[in-house]
Amino acid sequence: MNPSSDPRALAHQHAQGAHSEHHPPHGAHGAHGGAQRAHGGHHHHGAHGGPPHAAGPNPNFAQDNSRLLMSIPRTVNGLRCMDVLREMEEQLLLLSGGRDRRGGAILTFPQSPRRERAKPEDYRRLLEYLLGVPCEDVRELGFTVVIDMRGNSSWSTVKPILKVLQDYFGSAIHTAHIIKPDTFWQKQRTNLGSQKYKFETNLTSLEALSKFIDPSQLTSDLDGSLSYDHGIWIEMRCALEDYLWQSSDL
């Protein structure tokens, strides 16, 4: 195999600069936690007040995602990429490298038929892992969550996501943007408004989402231009962690 195409070789090369680019290791749960009202959206204030993403060859992938890939695993005993590989391959949740207008990292729950059979524990494990990936200064800004309800998603599949965010990671989330389907009922809107969350919730259209996130920071399924290949992200991240863990044993 050509070393330049071997993920482990690439991870080795990238890891050489990782210690100088990032803060010292921190705990896997180290993420910490308003936004303006979206035009045409429905915005609630909290207490703190799909299709596969195969973009093809992407020459900017390493540059766009280096901050995520190069974050050093913070504890040997914490979750690793391989521990949540099954859940990540389901594409229930993505950490694409995009940033909102505050500079906060974007977590996306893309529209997917797999959401119907996802369990709260799947979301909890994925969030526990992915919230620990960015460096500390990014985590302290709080994460922006985008939940895509278009397509065949129902309110019953979104409520478990919000509950897991509230119960386990409320202080780490800044805002949850929920992209509503065209047939979103007033009753569902009322149900969202009646809930009290530690983070802000914003029921919005895809067009109004640009009020908070520039399209250049969104993937193509959200009408954005950010290049992201989920398979490459998983492969590179797992290879990097494997290298770093083996190095820690030397």
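The values are calculated or read from the model by the stated rules, or taken from the named source; none is laboratory data. Remember, it's a predicted structure, so these values are computed and weren't measured experimentally. Methodologically, a virtual Cβ is constructed for each residue, glycine included, from the backbone with ideal geometry; neighbour enumeration extends over all protein chains shown. Areas reflect the complete protein model, heavy atoms only, side chains present, ligands, DNA and RNA absent. Shrake-Rupley method; radii C 1.70, N 1.55, O 1.52, S 1.80 Å.
Summary of computed values
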quantity: Residue tally, condition within 14 Å of S220 (Cα to Cα) and in a loop (DSSP other than H, G, I, E, B), over the range 96-116; calculated: 5
quantity: Qualifying residue in the range 108-122 (condition: in contact with a strand residue (DSSP E or B) (Cβ under 6 Å, 6 or more places away or on another chain) and surrounded by fewer than 23 Cβ atoms within 10 Å (Cβ to Cβ)); calculated: yes
quantity: Number of the condition not met by H177 [criteria: (1) closer than 11 Å to L107 by Cβ; (2) in a helix (DSSP H, G or I)]; calculated: (2)
quantity: Subset tally (residues that are closer than 16 Å to A118 by Cβ and open to solvent by less than 60 Å² (accessible area, probe 1.4 Å)) for the range 137-168; calculated: 15
quantity: Residue count, the range 203-240 (criterion: part of a helix (DSSP H, G or I) and open to solvent by 40 Å² or more (accessible area, probe 1.4 Å)); calculated: 9
